[in-house]
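This report refers to the structure that appears directly beneath it.
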Amino acid sequence: MFAAAIETEGHRCLHFRFRLTSGAMATARGLGCLLTLGRWRRGLGVAPQSRAFVAVVPGVSQVDNKSDFLKKRCHRRHPGILQLSCVRLPQALADAAKLLLLESSMPITEKQVQALTNYLWSRHLPVEPEELQRRAVYLEKKYLENADSSKMEEKLREAVLRALRKTTYHWQELSYNEGLSLLYMAARLDGGFAAVSRAFHEIQARLPEFQPKTLMDFGSGTGSVTWAAHSTWGQSLREYMCVDSSAAMLELAEKLLKGGSESGVPSVPGVFFRQFLPVSPKVQFDVVVSAFSLSELPSKADRADVVQTLWRKTSHFLILVENGTKAGHSLLMDARDLVLNGKEKSPLDPRPGFVFAPCPHELPCPQLTASKPLACSFSQAYHPIPFSWNKKPREEKFSMVILARGSPEEATRWPRITQPVLKRPRHVHCHLCCPDGQRQHAVITARRHGRDLYRCARVSSWGDLLPVITPSEPPPSPAQDPPES
């Protein structure tokens, strides 16, 4: 990981220098110069009151005075701010959930809730048959090198199978009956609502004019996606299609909508439940969501089939959310690449797809290609269902990818802040995923980068966008750069 450092050379320009995490210095030659906001204004003769972008990402860094990105707003409300305040369940949903748990013949305890939460968080993806075969061949060769030839044939198979059982993750499909569905509701209703609310907020904040009319939720579970969508776009949404293979989950979700009973009036109108995806290939929805469901499919081929089906049914946005783990992030990147690289023979919707969030590019994820892969995850604070043991605000850690139909030029390509911002005296540390597909650790100061960018960085949070640009061509310099020694 490189950390951006700035060193003054000459009277008019500042050159990028990067500091390795081990402490060794490496100068980036040929990256041009970073001009401070005031000096660049004087060189171009721009009025000093205009506010502008400043680039800190790799490449030539400059100020673009053509864009007044703050639009007379304070820095705390710059257009890259996307973080939600602490999310709270709708009161009708929280009341219905508490009522169902009180009326249940099977009491739900804190220990059970925590055990299921830990289990769902620690689940890995099922091992593919090809990977299992590769491991078996490796173990067989290993035992053949050390085995006694007289006993080899009779014990080799047993030894290989015993070793596979010890070293292979045993994935099991969860079957949600009435009891497990209630326990899942107590453990995951609030956290799932918070994660999906953050994903919806990303679209609403960046495209306030988008007003969807239809939504489909694959693997709808307790219906948290429906409630979050209603809280975000309740004025425009007219149809919610909830799809889940578990009849017990669908029944529970319907009860939650009706205040905890089977005969109440639904709090959200226009909700339909079914156990299978719509058959007609012509049926599309403005928003299609799969939250914490792809990881429950038994194989990579099944996930690929489902992702392709969901994309065909998407007319505007496909939102995929999973746990903020390496397994969850890797799964989402596979789905992302499948959509971006997929070419159907007779697509009903010929519009291409692009990444709306969180990636500012369609290139391979730098988090996965690093020497030590990391999960690209985000955090959302929320108020949990107020049980006796569950009263303090919590954090939901999740990974997401939002795919949209259209051209990538329609998206805002600003660097994404991928870790908590470190605020220090007179400087700020920002870890960025940049539009060129690279990660950068940028150290931003007011003196070297300008007051606007410094203040924007200081009020930004993990998951926000930093409003800077990367020009493709170096700007004409008002003075000749001094030669480097």
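The values are calculated or read from the model by the stated rules, or taken from the named source; none is laboratory data. Quick caveat, the model's predicted, so the values are computed rather than measured. All Cβ positions, even for glycine, are placed from backbone atoms using ideal geometry, and neighbour counts span all protein chains on display. We work out accessible area using only protein heavy atoms, side chains counted, and drop any ligands, DNA or RNA first. Shrake-Rupley method; radii C 1.70, N 1.55, O 1.52, S 1.80 Å.
Of the residues making up region 360-386, those that are closer than 21 Å to residue 88 by Cα and surrounded by fewer than 15 Cβ atoms within 10 Å (Cβ to Cβ) number 1. You will find that of 119, 143, the residue that is modelled with pLDDT under 75 and of a type in the set (Phe, Trp, Tyr) is 143 and no other.
Considering only residues of region 273-309 that are farther than 20 Å from residue 222 by Cβ and of a type in the set (Gly, Ala, Ser), which is surrounded by the most Cβ atoms within 10 Å (Cβ to Cβ)? Top of the filtered list is 304. Going by what's in this entry, would residue 395 be described as within 20 Å of the chain's Cα centre (by Cα), under 18 Å from residue 184 (Cα atoms), free of Cβ contacts under 8 Å to residues at least 60 places away in the same chain and in the same structural domain as residue 96 (by the TED database)? So residue 395 fits the description; yes. In region 232-272, the qualifying residues are those that are open to solvent by 50 Å² or more (accessible area, probe 1.4 Å) and among the aliphatic types (A, V, I, L, M), and the one that is modelled with the lowest pLDDT is 265. Within region 152-166, can one find any residue that is open to solvent by 50 Å² or more (accessible area, probe 1.4 Å), under 27 Å from residue 300 (Cα atoms) and in contact with a His (Cβ under 6 Å, 6 or more places away or on another chain)? No, region 152-166 contains no residue that is open to solvent by 50 Å² or more (accessible area, probe 1.4 Å), under 27 Å from residue 300 (Cα atoms) and in contact with a His (Cβ under 6 Å, 6 or more places away or on another chain). Within region 361-370, no residue satisfies the criterion of being among the β-branched types (Val, Ile, Thr) and in a loop (DSSP other than H, G, I, E, B). Residues in region 194-219 that are open to solvent by 10 Å² or more (accessible area, probe 1.4 Å), not in a helix (DSSP H, G or I) and not charged (D, E, K, R): 207, 208, 210, 211, 214, 218, 219. Scanning region 159-173 turns up no residue that is aromatic (Phe, Trp, Tyr) and assigned to a helix (DSSP H, G or I). Whether any residue in region 284-293 is assigned to a strand (DSSP E or B), modelled with pLDDT of 95 or more, out of contact with any Lys or Arg (no Cβ under 8 Å at 6 or more places or on another chain) and over 17 Å from residue 213 (Cα atoms) is what I want to check. Yes, some residue in region 284-293 is assigned to a strand (DSSP E or B), modelled with pLDDT of 95 or more, out of contact with any Lys or Arg (no Cβ under 8 Å at 6 or more places or on another chain) and over 17 Å from residue 213 (Cα atoms). Taken together, 199, 229 contain a single residue that is in contact with a Pro (Cβ under 9 Å, 6 or more places away or on another chain), at pLDDT 95 or above and on the phi < 0 side of the Ramachandran plot, which is 229. Looking at the structure I just gave you, is residue 467 over 28 Å from residue 203 (Cβ atoms) and either at pLDDT below 85 or outside the structural domain of residue 201 (by the TED database) (or both)? No, not satisfied.
Summed over region 393-411, the residues that are open to solvent by less than 30 Å² (accessible area, probe 1.4 Å) and either at positive phi or hydroxyl-bearing (Ser, Thr, Tyr) (or both) give a count of 2. State whether the residues of region 88-98 include one that is modelled with pLDDT under 85, part of a loop (DSSP other than H, G, I, E, B) and farther than 30 Å from residue 453 by Cβ. No, there is no match, as no residue in region 88-98 is modelled with pLDDT under 85, part of a loop (DSSP other than H, G, I, E, B) and farther than 30 Å from residue 453 by Cβ.
Restrict the check to region 441-449 and report whether at least one residue is without any contact (Cβ under 8 Å) to a residue 40 or more places away in the chain and more than 25 Å from the chain's Cα centre (by Cα). For region 441-449, residues without any contact (Cβ under 8 Å) to a residue 40 or more places away in the chain and more than 25 Å from the chain's Cα centre (by Cα): present. Scanning region 99-111 for residues that are open to solvent by less than 80 Å² (accessible area, probe 1.4 Å), under 29 Å from residue 297 (Cα atoms) and part of a helix (DSSP H, G or I) yields 100, 101.
Only a single criterion out of (1) over 19 Å from the mean Cα position of the chain (by Cα); (2) open to solvent by less than 20 Å² (accessible area, probe 1.4 Å); (3) at pLDDT 90 or above is not satisfied by residue 390, namely (3).
Take residues that are within 30 Å of residue 308 (Cβ to Cβ) and of a type in the set (A, V, I, L, M, F, W, C) and tell me which of the strands (runs of 3 or more DSSP E) falling wholly in region 371-458 contain 1 or more. Ranges flagged: 378-383, 394-405, 427-433.
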